[in-house]
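Some notes on the structure that comes next.
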Amino acid sequence: MADQELRARVKTIFGYSDDQMAALRPRQWQSAAAFAKLSGWRLVAEVEEAHHCAAKLSPGQRLVLSAGGTVLASQCTAKLCLWALAPLVPFTFMLIDRLMAGQEPGEMWYDHFRCLDVGMECGGFGTVLFRVKAEGD
């Protein structure tokens, strides 16, 4: 069972009722207790190539998310494009998993992705290639 401070923090963050708090499983408490490990880490996706991008993304621009998956708009230099953000979801899970397991998250084995626009050659309009990495304070 979680200590009172952790219980209060989880209840405040997620807005759970007492019944919902009682229904949390041990694995969820274990995960909640590890949230502090996420502090200070960001997921950064930097544009490496951009071809005919409607959002006008260009090499060197960055999308920045907190380790918990929140877009840090003030740190982004690229426009917030849904087609570019959607493929970042699996990378946020990888980052969270590594941090909570106590592993080094800085370099990822799979560190590139493309936006969801397939490019004009495949019936889309443009495409952007990103390199993703974790950065800590």
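Please treat every number below as a calculation from the coordinates, not as lab data. Not measured: the values here are computed from a predicted model. All Cβ positions, glycine included, derive from the backbone under ideal geometry; neighbour counts span all protein chains shown.
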- For log10 I(q)/I(0) by the Debye sum over Cα atoms at q = 0.12 Å⁻¹, which listed value, (i) -0.57; (ii) -0.77; (iii) -0.92, comes from the coordinates shown? (i)
- Message: Quick check: the distance between the Cα centres of the range 7-35 and the range 77-131, to the nearest angstrom?
- Response: 29 Å
- Message: So, R0 is 22 Å and r is the distance between the beta-carbons of Leu6 and Val89; what FRET efficiency does that work out to, to 0.05?
- Response: 0.25
- Task: Measure up Lys11/Lys133; Lys37/Lys79; Lys56/Lys133 against 27 Å on the Cα-Cα distance and list the ones that go over.
- Result: Lys11/Lys133; Lys37/Lys79
- Task: For the range 42-50, just list the computed ³J(HN,Hα) in residue order, Karplus coefficients 6.51, -1.76 and 1.60, θ = phi - 60°, integers in Hz, with x standing in for Gly and Pro.
- Result: 10, 9, 10, 10, 9, 5, 9, 9, 9
- At Leu80 and Tyr110, where each label point lies 7 Å from the Cα along Cα→Cβ, what is the point-to-point distance in nanometres? 2.6 nm
- Where does the chain land at 222 nm, in deg cm²/dmol rounded to the nearest 500, when only DSSP H runs of n ≥ 4 count, each adding -39500 (n - 2.57), divided by all residues? -8000 deg cm²/dmol
- Treat the count of other C-beta atoms within 10 Å as a stand-in for reagent exposure and order Lys56, Lys133 from fewest to most. Lys56, Lys133
- Message: Just to be sure I understand the model, the point goes 7 Å from the Cα along the line to the Cβ. What's the resulting Glu121 to Lys56 distance in nm?
- Response: 2.6 nm
